[in-house]
Amino acid sequence: MKFTVERDVLAEAVSWTARSLPARPTAPVLNGLLITASAGEVTIASFDHETSAVQRIAANVDTEGVTLVPGKMLDSICSSLPNAEVEFVAEENAVFLTCRSAKFKLASMPVVDYPELPALQEISGTVDGAEFAKAVQQVKVAVSKDETLPLLTGIRLEISGNTMTLLATDRYRLAMRELTWNPVDPNVEAAVLLKGKTIAEVGSTLSGAGELSIALPGSGELIGFASGTRVSTSVLMDGEYPNIRRLFPETTDIHAVVRTSDLLEAARRISLVAERNTPLRLAFSQGAVSIDAGRGEEAQASETINAQLHGEDIVVAYNPDYLKQGLGAFGTEYVRFSFTSAPKPVVLSGQEEPLGEDQSQYRYLLMPVTKF
């Protein structure tokens, strides 16, 4: 096999596919990148029996062929090459890279031992890549990091007609984001659970080409994503995800609206004195919210900012990190707190005007700290 390609093109493709290489592979060949050269095109792929990543690049192919190369080593080499054309030659047991005067030789791996790459199923619909990436970023703040509860380390993707919903929870907060997509079948209904890390990678690396195509599972347990020259597939997580939608209250009698940036900055300052397990207290009254932390002999801090309150005064307390992460996920000028009562979870939603309608596409439910 022999082909030539620009260094930047090769380095980008190798870097993207190498990101999916397993940290602890079950077999040595899974450390490799499968490189296939055919007429005018080179395909670079990685696969670990759960997640696959495939990218096609244009290249001047002199000799067609297939080789398997240690992925992380190849990634390091390609990123260090000078900005010039790269000649890639694969012989029986070795791979040679030449770029200007830089020359590298790598031992190749046995292609026959590499597993068959999964095929992308029929495309079920498309979604705006940037909007999908934003939705994933907003929801993943609530993904659990507790590996003893593996189901909660995932993000649930629900499809109902042209509405797509992403949900995540770690038991202490819940994030839900709805967005519109373009299904092939307008009556499609589906619900799948993906690893949070997998869907976050899709959102961050496949959203730049504009439109993101999604292939929902058919008879198998594989979901696929495609954008531009990149294709990624992933197996689904097993298990029954909890019905977390029911946690959102149907009605709320107390509403407070605060400028998002003001509250986030104040929370960051006040939390400097909030030691481990110390909550931030928020006291909402007419026209203001007071934020404080620390009691007695401990370090203390407080700050008051403007707020619009509809309903009775209310005092609540929250984990500082959970509150800050939730506020940071909103891209709106204002955030609305919707309460039923102080001991009950609050629902945060965004809005652009202090007296405007809330934008319920993204909602963040946060459990209070009841002892403070």
Here the relative contact order (percent) of the chain, from C-alpha pairs under 8 Å and at least 6 apart, is 12
Contour minus Cα-Cα span, residue 298 to residue 106, at 0.36 nm per residue, comes to 63.2 nm
Sequence order, the stretch 232-240: Karplus ³J(HN,Hα) from phi using 6.51 cos²θ - 1.76 cosθ + 1.60, θ = phi - 60°, Hz rounded, Gly and Pro as x, gives 9, 10, 8, 6, 8, 7, 8, x, 9
For the stretch 167-274, shape from the Cα gyration tensor axes a ≥ b ≥ c, cut at a/c of 1.5 then a/b versus b/c, turns out prolate
For residue 145, counting only aspartates and glutamates whose alpha-carbon sits under 17 Å away and dropping same-chain residues fewer than eight positions off, the answer is 170, 201, 321
With Cα springs under 10 Å, the Gaussian network model of the chain assigns the largest mean-square fluctuation among 344, 103, 195 to 103
Among [x] 20.5; [y] 22.2; [z] 23.3, the value of Kirkwood radius over Cα pairs in Å computed for this structure carries the label [z]
Around residue 158 (Cβ within 13 Å, Cβ-to-Cβ, excluding residue 158; K/R +1, D/E -1) the net charge comes to +1
The lysines whose Cα lies under 21 Å from the Cα of residue 140, excluding any fewer than 8 residues away in the same chain, are 195, 197, 324
Between the Cα axis of helix 320-329 and the main Cα principal axis of the chain, the angle (0 to 90°, nearest 10) is 60
Net charge (Lys, Arg +1; Asp, Glu -1) of residues whose beta-carbon lies under 10 Å from that of residue 242, residue 242 excluded, is +3
Longest principal axis of the chain (C-alpha) makes with the long axis of helix 196-205 (C-alpha) an angle, in degrees to the nearest 10, of 70
Pseudo-spin-label distance residue 19 to residue 211, built 7 Å along Cα→Cβ, given in nm, is 2.3
As straight-line cross-link partners of residue 105, the qualifying lysines (C-alpha separation under 30 Å, not fewer than 8 residues apart within one chain) are 2, 72
Plugging the Cβ-Cβ distance of residue 246 and residue 185 into 1/(1 + (r/R0)^6) at R0 = 35 Å yields, to the nearest 0.05, a FRET efficiency of 0.80
If each part is reduced to its alpha-carbon centroid, the stretch 227-247 and the stretch 107-140 end up apart, in Å, by 12
Extension length gain for residue 26 and residue 277 (0.36 nm per residue less Cα distance), in nm, is 86.4 nm
Simple spin-label estimate for residue 355/residue 8, 7 Å along Cα→Cβ, in nm, reads 5.2
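Multiplying the sequence separation of residue 221 and residue 85 by 0.36 nm and subtracting their Cα-Cα distance, what value in nm do you get?
Difference between extended and current length: 44.9 nm.
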Between residue 60 and residue 122, Cβ-based FRET efficiency (R0 25 Å, step 0.05) works out to 0.15
Candidate cut points under trypsin sites (Lys or Arg not before Pro) in the stretch 203-312, DSSP loop plus at most 12 other Cβ atoms within 10 Å of their own Cβ, are 276, 295
Given a 1.4 Å probe, the accessible area of the stretch 1-160 per residue, as a whole number of Å², is 48
When the chain is treated as a Gaussian network with springs between alpha carbons less than 10 Å apart, the largest mean-square fluctuation among 175, 94, 18 is found at 94
Between residue 307 and residues 5 or more places away or on another chain, the pairs with built amide H atoms under 5 Å apart involve 287, 288, 289
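The values are calculated or read from the model by the stated rules, or taken from the named source; none is laboratory data. Just so you know, these numbers come straight off a predicted model, no measurement behind them. Because the Cβ atoms are built from the backbone with ideal geometry, glycine has one as well, and the counts that use them run over all protein chains shown. These accessible areas exclude ligands, DNA and RNA; they are computed on the full protein's heavy atoms, side chains included. Shrake-Rupley method; radii C 1.70, N 1.55, O 1.52, S 1.80 Å.
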